[in-house]
1. Give me the residue from region 26-46 that is charged (D, E, K, R) and in contact with a Leu (Cβ under 9 Å, 6 or more places away or on another chain) and, out of that set, farthest from LEU116 (Cα to Cα).
2. Give me the residue from region 249-277 that is in contact with a Lys or Arg (Cβ under 8 Å, 6 or more places away or on another chain) and closer than 15 Å to ALA164 by Cα and, out of that set, surrounded by the fewest Cβ atoms within 10 Å (Cβ to Cβ).
3. Any idea which residue in region 106-127 is surrounded by the most Cβ atoms within 10 Å (Cβ to Cβ), counting only those that are more than 13 Å from the chain's Cα centre (by Cα) and among the small types (Gly, Ala, Ser)?
4. Scan region 305-325 and give yes if some residue there is modelled with pLDDT of 90 or more, in a loop (DSSP other than H, G, I, E, B) and in contact with a helix residue (DSSP H, G or I) (Cβ under 6 Å, 6 or more places away or on another chain), otherwise no.
5. Out of all the residues in region 207-226, is one or more part of a helix (DSSP H, G or I) and in contact with a Gly (Cβ under 6 Å, 6 or more places away or on another chain)?
6. How many residues does region 38-64 hold that are in contact with a Gly (Cβ under 8 Å, 6 or more places away or on another chain) and closer than 28 Å to VAL26 by Cα?
7. Only residues that are within 20 Å of the chain's Cα centre (by Cα), within 22 Å of PRO220 (Cα to Cα) and among the hydrophobic types (A, V, I, L, M, F, W, C): list them for region 130-180, please.
8. Given (1) outside any helix (DSSP H, G or I); (2) touching a residue at least 12 places away in the same chain (Cβ under 8 Å), where does SER233 come up short, assuming only one miss?
Amino acid sequence: MKFHVSLFVIISIILGIKLEGCRCKVVQFIFGDSLSDVGNNKYLSKSLAQASLPWYGIDLGNGLPNGRFSNGRTVADIIGDSMGLPRPPAFLDPSLTEDVILENGVNYASGGGGILNETGSYFIQRFSLYKQIELFQGTQELIRSRIGKDEAEKIFQEARYVVALGSNDFINNYLMPVYSDSWNYNDETFVDYLMGTLREQLKQLHGLGARQLMVFGLGPMGCIPLQRVLSTSGECQDRTNKLAIRFNKGGSKLIDELEKQLPNSSFRFGDAYDVVNDVISNPNKYGFQNSDSPCCSFGNIRPALTCIPASKLCKDRSKYVFWDEYHPSDRANELIAKELIKKFGFITVHQTNPPSPSPTLAPSSNH
């Protein structure tokens, strides 16, 4: 009898360890463009959308380029940190293994990528959302072969998902006459085309287990420095901003519909357009001094599409809304993230885990 009890205890311990080994924490899977890229394009050697040059990453970790198109963190970084979630590494990171995926999730975001496959083709290499979903399917196969189908299904259903694309579909597709979409659609029908495509992509993600998913809306993309400098007046481009508003209305409606249709889904749409527009219109109110030009610029030669080693940095990086011609600064991303956290009502997932390290921001250093 004692033997059977001992055997039962030993088996329970073994099973307990096995279950504990498979019972992974909640992780994130991030799908996006350069606003969320943490290094995928760094490994796409032919891609023209690169953040692998100094001064990118100057205010994060060791201050070296890390693949983020900013001086510091992305909005997804900051939201994940606030929830106690680990920061997922880039899918193309050479150190990515099954264990790393189980511990941290994966980020598939790619600079220049869009909801549509044709978007950003002149960047040569980038992952569209369909491609990112395809890579996610490959990730799932790896994890299933590692821990079994049932345990893998549980992990993928408990994970958090971020989908944050759309601006490239306008700026690096529809609004450029070199793309056929610019003459095949008008403003209304193009947004309908985007929404129809996004609907299928989100349904596909749900079919792959995505239950808790957030879609980020677009900010006033007509006010990014690149759009201003390309306008004759230097003002925000009204048509581009109206397209962002139209996208956000369509996206919000789409998410409401999908949440009703798809079983066990908790889909949310995060629209921070108004607060970002207010920051750009009234920068001093939020502690910024500049909201119309990039902190990292190549003197009077504009637009220099990326921050380059020969670029000059602004005196105080915490006072600029934009880091380069396209992308917000770390401090602006923090403000956007806080607005989305408030709107989403996020709660901490891992109460015992401290957030990932914040950047070592040195805003007053002069270069």
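1. LYS42
2. LEU254
3. GLY120
4. Yes, there is a match, as at least one residue in region 305-325 is modelled with pLDDT of 90 or more, in a loop (DSSP other than H, G, I, E, B) and in contact with a helix residue (DSSP H, G or I) (Cβ under 6 Å, 6 or more places away or on another chain).
5. no
6. 8
7. VAL162, VAL163, ALA164, LEU165, PHE170, ILE171
8. Failed condition: (2).
The values are calculated or read from the model by the stated rules, or taken from the named source; none is laboratory data. No experiment lies behind these values; they were computed from the predicted model shown. Every residue, glycine among them, receives a Cβ derived from its backbone with ideal geometry; neighbour counts consider all protein chains shown.
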